[in-house]
Amino acid sequence: MESLSRSFGLIFMSKNYAVIMAGGRGERFWPQSRQARPKHLLPIVGDAPMVTQTMMRLEGLMPPEQIFILTNVEHVAAIRAACPAIPAEQIVGEPVGRDTAAAAALAALLVRRRDPDGVLALLPADAAIHNAAGFRATLGAAFATAAQQEAIITIGVKPSYPATGYGYLQCGKKLGDQTGQPWFKVEKFVEKPDLPTAERYLAEGGYFWNVGMFISRASVLHAAFQQYAPAIAAGMQDMQTQLGRGIALPEVLSVAYPGLPKISVDYAVMEKAGNVAVFEAAFDWDDVGEWPALVRHATADAAGNVARGEVALHDSSENIVISEGGHLIALLGVKDLVVVHTPDATLVCPKSRAQDLKKLLQNVAAKPGSAKWL
């Protein structure tokens, strides 16, 4: 019985694939995060790069040979160094960024070429998740459901506060259970709300944070693109034809990818499809979108300061202070600041303004010789 069980487990695992999307630039973590070393290549939370942590959470659901990573072509070498267990050819560089719809369609193409019956999970590379066991349980239930249903499964996180920085999805009727976990129809996707709307969602219930994870048979996802985003589907068909002629994937991408529409997978497909369902996450989640998020994941001192590196503080509270390279940062009599020092750039801003960092980088980019700072 044990060997039979293991055989069934291997059969199940053989159909599971993950495609980790690691194409972001992480501008909101400047000056540590740069174009050459974006957020997912940094240990923003934890001791390993965020993309490495994402890969490690998949252990037990599939072997590394069934994991792909989509990234920018200039980051391929760095991703390979961060995730050496993944076969080098499965770390795929996009020649240009075309947003998540093109990445999702490419993910479906890669998995369909490997296994026409494969089930894939699209996962962001840079989320902070501490409960890895809960993550694997939820993802395993989603894999099993997607293998059996003509559905695109997403995972929603129950809101713990009225967040205005996340998209939401509204949960509809219950559709079934998988390993004791219920799953529901998604009634609609909702854009980032204002505060009163977010407070209403929290009070009413039935809304989840949209965390950008999607699980589906590759063929079902491909069919959704054919129906709702035919220009992207046509581009994928052209790529499939070229690959079938023996042309290498990097060459095919360099020609075909720049012409694809630049649009998110939510806008292109998910908000239009009627077969999207959701499992509630049995794990914690944080997209760690800006410097103040570190407070939720680090141990603060008695005055609420979070510090890394060489830092000295007096009569200061609720600050985030990061120093690289042995440089001492000393704070006296200040509160609620973000101070980040790297060898060639230093950021100082109120925590309440951290979301405006992209605007600051526009000014940095306007300086002569700015490439070295971006």
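The values are calculated or read from the model by the stated rules, or taken from the named source; none is laboratory data. Just so it is clear, the model here is predicted, and its values are computed rather than measured. Virtual Cβ from ideal backbone geometry, glycine too; neighbours counted across all protein chains shown. These accessible areas exclude ligands, DNA and RNA; they are computed on the full protein's heavy atoms, side chains included. Shrake-Rupley method; radii C 1.70, N 1.55, O 1.52, S 1.80 Å.
Details
- Calculated on the alpha-carbon coordinates, the convex hull of segment 79-161 measures out at 154 cubic angstrom per residue.
- Longest DSSP-loop-exposure-free segment, GluC sites (Glu not before Pro), the chain, at most 16 other Cβ within 10 Å: 192-309
- Around the Cα centre of the chain, unit charges on the Cβ atoms of Lys, Arg, Asp and Glu (plus for the first two, minus for the last two) sum to a dipole of about 560 debye.
- Proximal charge balance of Phe283 [Cβ under 13 Å; K/R count +1, D/E count -1]: 0
- Using θ = phi - 60° and Karplus 6.51 cos²θ - 1.76 cosθ + 1.60, couplings along segment 279-285 (whole Hz; Gly, Pro as x): 9, 6, 5, 9, 8, 6, 7
- Pairs from Lys39/Lys359; Lys192/Lys262; Lys262/Lys351; Lys39/Lys185; Lys192/Lys272 whose Cα-Cα separation, in the structure shown, is over 27 Å: Lys262/Lys351; Lys39/Lys185
- Distance from the Cα centroid of segment 131-172 to that of segment 48-88 is 22 Å (rounded to whole angstrom).
- Among Ala78, Ala103, Ala147, residue whose mean-square fluctuation peaks in a GNM of the chain (springs only between Cα atoms under 10 Å): Ala78
- Leu360 accessible area, 1.4 Å probe, all protein chains in place, Å² to nearest 10: 70 Å²
- Using a probe radius of 1.4 angstrom, the carbon and sulfur fraction of the accessible surface of segment 84-236 is 51%.
- Angle between the chain longest axis and helix 132-148 axis [Cα atoms, degrees, rounded to 10]: 30 degrees
- With every protein chain in place, segment 307-373: carbon and sulfur % of accessible area (1.4 Å): 53 percent
- Sparse packing (at most 12 other Cβ atoms within 10 Å of the Cβ) combined with a DSSP loop state is found for none of the chymotrypsin sites (Phe, Trp or Tyr not before Pro) in segment 152-186.
- 0 to 90° range, to nearest 10: angle between helix 99-114 axis and the chain longest Cα axis: 40 degrees
- Rounded Å value of the spacing that divides the Cα centres of segment 304-353 and segment 200-259: 41 Å
- Selected from Val92, Ala105, Ala142, residue furthest toward positive end of dipole (segment 82-211; charges at beta carbon): Ala142
- Cα gyration tensor of segment 249-374 - equivalent ellipsoid semi-axes, whole Å, descending: 37, 24, 13
- Å² per residue, accessible surface of the chain at 1.4 Å: 45 Å²
- 0 to 90° range, to nearest 10: angle between helix 218-228 axis and the chain longest Cα axis: 80 degrees
- Radius 14 Å from Cβ of Val220, net charge of other residues (Lys, Arg +1; Asp, Glu -1): 0
- Two-site FRET efficiency, Lys173 against Gln226, from Cβ-Cβ distance with R₀ of 25 Å, rounded to 0.05: 0.40
- Stokes-Einstein D (µm²/s) once Rh is taken as the Kirkwood radius of the chain over alpha-carbon pairs, at 37 °C in 0.692 mPa s: 149 µm²/s
- Charge tally in the Cβ shell below 10 Å around Lys335, where Lys, Arg are +1 and Asp, Glu are -1, Lys335 excluded: -2
- Overall, segment 220-338 carries a charge dipole of about 560 debye about its Cα centre when +1 sits on the Cβ of Lys and Arg and -1 on the Cβ of Asp and Glu, all other atoms neutral.
- Residues Met56, Met50, ordered by accessible area of protein heavy atoms at a 1.4 angstrom probe radius and largest first, appear as Met56, Met50.
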